[in-house]
């Protein structure tokens, strides 16, 4: 079982819809990253969360530490939001050694 | 442009070739990483360098050889690769495990 699980794997939405992508993670993960990967490969870091909620433009990320669950929301979705969204957990392996553990990603297609 | 630059963006190489991937960051980060992304799989960590010292080799075959001459540059030397090594290779940097910044990746095809 992967330490970071994302759902759904694929998501198709109509322009303007509210979108939610979910991420569950295991014990030992101290912070969550949400990443965006466009076709062509480059990855952009959207948020890093260890508690609460963060907002940037139409993107909102929340994290519930007790439930070990995070969500990424996109309001008023647009075709340019089409990308793979990846959840990654920061896990401590003892001392100063931390590693990112990646989910498999959610492929989002927003249709006009 | 994220601040982490990778070259080349695309590379096609034969199984007997030797090539190198380059990564450069001028963000002042103290850690640099190589990741491999194969189709339908999560990103896999290959190597980690902290302050130019290799701190992680995630059971990567010896046909992949990293080099970190200084804290701003990271190379991945490739030789006698196999077709299954075809993937997107991503470089990233961070400051003390936070503030990860990724490059655009090198799409490698081994023929």
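The values are calculated or read from the model by the stated rules, or taken from the named source; none is laboratory data. Please read all numbers here as calculations on a predicted model, not as lab measurements. Methodologically, a virtual Cβ is constructed for each residue, glycine included, from the backbone with ideal geometry; neighbour enumeration extends over all protein chains shown.
Every residue in segment B:73-97 that is more than 7 Å from chain A (Cβ to nearest Cβ) and free of Cβ contacts under 8 Å to residues at least 60 places away in the same chain, please.
Once the filter is applied, which keeps residues that are more than 7 Å from chain A (Cβ to nearest Cβ) and free of Cβ contacts under 8 Å to residues at least 60 places away in the same chain, segment B:73-97 yields B:73, B:74, B:75, B:76, B:77, B:84, B:85, B:86, B:87.
Determine which single condition residue B:28 fails, assuming it passes every other condition in (1) in a strand (DSSP E or B); (2) more than 26 Å from residue A:103 (Cα to Cα).
(1)
I need the full set of residues from segment B:74-107 which are in contact with a strand residue (DSSP E or B) (Cβ under 6 Å, 6 or more places away or on another chain), over 15 Å from residue B:46 (Cα atoms) and outside any loop (DSSP other than H, G, I, E, B), in order please.
If the condition is that a residue be in contact with a strand residue (DSSP E or B) (Cβ under 6 Å, 6 or more places away or on another chain), over 15 Å from residue B:46 (Cα atoms) and outside any loop (DSSP other than H, G, I, E, B), then B:79, B:83, B:94, B:100, B:101, B:107 are the ones that fit.
Do we have any residue at all in segment B:56-73 that's in contact with a strand residue (DSSP E or B) (Cβ under 6 Å, 6 or more places away or on another chain), crowded, with 20+ Cβ neighbours inside 10 Å and not in a strand (DSSP E or B)?
No, segment B:56-73 has no match at all.
I'm checking my understanding of the structure. Among residues of segment A:33-53 that are part of a strand (DSSP E or B) and away from chain B (no Cβ under 14 Å), which one is farthest from residue B:7 (Cα to Cα)?
Per the criteria, the residue is A:52.
Look through segment B:41-72, keep the residues that are over 16 Å from residue B:105 (Cβ atoms) and within 12 Å of another protein chain (Cβ to nearest Cβ), and return whichever of them is modelled with the highest pLDDT.
Here the answer is B:48.
Given the structure, is residue B:36 assigned to a strand (DSSP E or B) and away from chain A (no Cβ under 12 Å)?
It is false that residue B:36 is assigned to a strand (DSSP E or B) and away from chain A (no Cβ under 12 Å).
Would you check if residue B:91 is at pLDDT 90 or above and buried (at least 21 other Cβ atoms within 10 Å of the Cβ)?
Taking the combined requirement at face value, the residue satisfies it.
Would you point out the residue of segment A:69-96, among those that are at pLDDT 95 or above and assigned to a loop (DSSP other than H, G, I, E, B), that is nearest to the other protein chains (Cβ to nearest Cβ)?
Selected residue: A:82.
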